[in-house]
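First up is the structure itself, then whatever we jot down about it.
The values are calculated or read from the model by the stated rules, or taken from the named source; none is laboratory data. Just so we're clear, the structure is a prediction, and the values are computed from it rather than from any experiment. All Cβ positions, glycine included, derive from the backbone under ideal geometry; neighbour counts span all protein chains shown.
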Amino acid sequence: METEIVYAEDGEANEAIIKATRLLEAGEVVALPTETVYGLGANALDADAVAKIFAAKDRPSFDPLIIHLGRREQIHEYCDISPELDEVVQKLIQEFWPGPLTMVLPKKDIIPDIVTSGLPTVAVRMSAHPIMQEICKGLGKPIAAPSANKFGRISPTSAGAVLKELDGKIPLIVDGGACNAGLESTIIRVEVGETKPQLHLLRAGPVVKEDLQKIGKVIRPKKLTERARKALLEKQGGRGEQSPEAPGMLESHYAPSTPLYLFDKPGDFIPEEGKSYALLSYRGQEKDGYMELYDWDVVEELSPGKGKLGEASVRLFHVLRMLDECGVDAIIAEPVAETGLGVAINDRLRRASQR
């Protein structure tokens, strides 16, 4: 299969939208731009089309997908929302949609089980990218779209990165330019709660905890003890960690081919003789303790100088991909401040790390 790239900027947008929509209507998969990362989209109501996503990505069937809507009101067509829950959902929609917030909600039967990996809930959002919005509206159906890369690999934030991952495996990439958020959407499971809404943070992302606290109580998942993990495994029929509640929750994810290591403090890094190392630095400052730690073969910075978490989040996957292609034996990553967007950045680095 030959993979075509069509540009969706300026005067070429309409042609790209029409071509992508026709392929989706015909049951094909298409790589589409969003404000977060590029997604590999298919008609979410067509189980055979969705199966092509899993095949192109080599994605395991137990990892559920996010569906993308073209209009806010479509949420009631695909989610089974009680009046009490709808009050909370509408507040979240008004505050954050369109945008990088995904809600996990009870699903309606119209959503095929392959989309949700058999779970009774579905992850749903409305992208702020105008091209993704127009294609969703043109199709008139939700688009299932995980990141457009091989499963577990670095998420793509440009059409070129998608081509490197999926060339020859998909028919079309819609090039809508570089993604302006750079991290996958925040995912929350929404519950009514006894006194205030309960927002279970399943994946950190561009919509941070401080934003969500305007609507309800944010609950971060607790790490299970081994005993609790075994109990969950038995309750879920032996599936356990292989049945994540939402995308991006597996312990190993977002990883480059080159081994990456994230250390809590500089002194934990002990280089091996004869190996080459690259440093993924937050801001390239010596006071962080990593720059002078070793005679690095390559250094790339997420936000040179003072360090801005917004810039770092946009550059993270791009810089990771650069380091993965520079030919070193290992990448050492500095952690960033565990606040705001830093929570999501550190989450991605931990899941990509070998330790």
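Conditions (1) in contact with a Leu (Cβ under 6 Å, 6 or more places away or on another chain); (2) assigned to a strand (DSSP E or B), marked per residue:
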{"position": "TYR261", "(1), (2)": "no, yes"}
{"position": "GLY267", "(1), (2)": "no, no"}
{"position": "GLU273", "(1), (2)": "no, no"}
{"position": "ALA278", "(1), (2)": "yes, yes"}
{"position": "ARG283", "(1), (2)": "no, no"}
{"position": "MET291", "(1), (2)": "no, no"}
{"position": "TYR294", "(1), (2)": "no, no"}
{"position": "VAL299", "(1), (2)": "yes, yes"}
{"position": "SER303", "(1), (2)": "no, no"}
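Only one of the listed residues (ALA337, ALA312) is closer than 22 Å to SER185 by Cβ, in contact (Cβ under 8 Å) with a residue 12 or more places away in the chain and surrounded by 17 or more Cβ atoms within 10 Å (Cβ to Cβ). That residue is ALA312.
Being in a loop (DSSP other than H, G, I, E, B), surrounded by 18 or more Cβ atoms within 10 Å (Cβ to Cβ) and free of Cβ contacts under 8 Å to residues at least 60 places away in the same chain is not true of GLY327. Look at VAL162 and say whether it is assigned to a strand (DSSP E or B), in contact with a Pro (Cβ under 9 Å, 6 or more places away or on another chain) and within 22 Å of VAL314 (Cα to Cα). When the stated conditions are applied, VAL162 does not pass them.
Within segment 61-75, at least one residue is part of a loop (DSSP other than H, G, I, E, B), acidic (Asp, Glu) and either loosely packed, with under 15 Cβ neighbours inside 10 Å or within 19 Å of the chain's Cα centre (by Cα) (or both). Kindly establish whether ILE215 is at pLDDT 85 or above, surrounded by fewer than 16 Cβ atoms within 10 Å (Cβ to Cβ), part of a loop (DSSP other than H, G, I, E, B) and of a type outside the set (S, T, N, Q). No. Of all residues in segment 182-203, those that are surrounded by fewer than 23 Cβ atoms within 10 Å (Cβ to Cβ) and either in a loop (DSSP other than H, G, I, E, B) or assigned by TED's automatic domain parsing to the domain that holds ARG348 (or both) total 6. For the criterion of being part of a helix (DSSP H, G or I), among the basic types (Lys, Arg) and either crowded, with 16+ Cβ neighbours inside 10 Å or at pLDDT below 95 (or both), LYS287 passes. The residue of segment 127-179 that is surrounded by the fewest Cβ atoms within 10 Å (Cβ to Cβ), among those that are among the acidic types (Asp, Glu) and more than 19 Å from THR21 (Cβ to Cβ), is ASP167. Here VAL50 meets each of (1) more than 30 Å from GLY160 (Cα to Cα); (2) touching a helix residue (DSSP H, G or I) at 6+ places or on another chain (Cβ under 7 Å); (3) of a type in the set (A, V, I, L, M, F, W, C) with one exception, condition (1).
For THR3, state whether it is of a type in the set (Ser, Thr, Tyr), out of contact with any Asp or Glu (no Cβ under 7 Å at 6 or more places or on another chain) and either touching a residue at least 24 places away in the same chain (Cβ under 8 Å) or crowded, with 17+ Cβ neighbours inside 10 Å (or both). Criteria not met by THR3.
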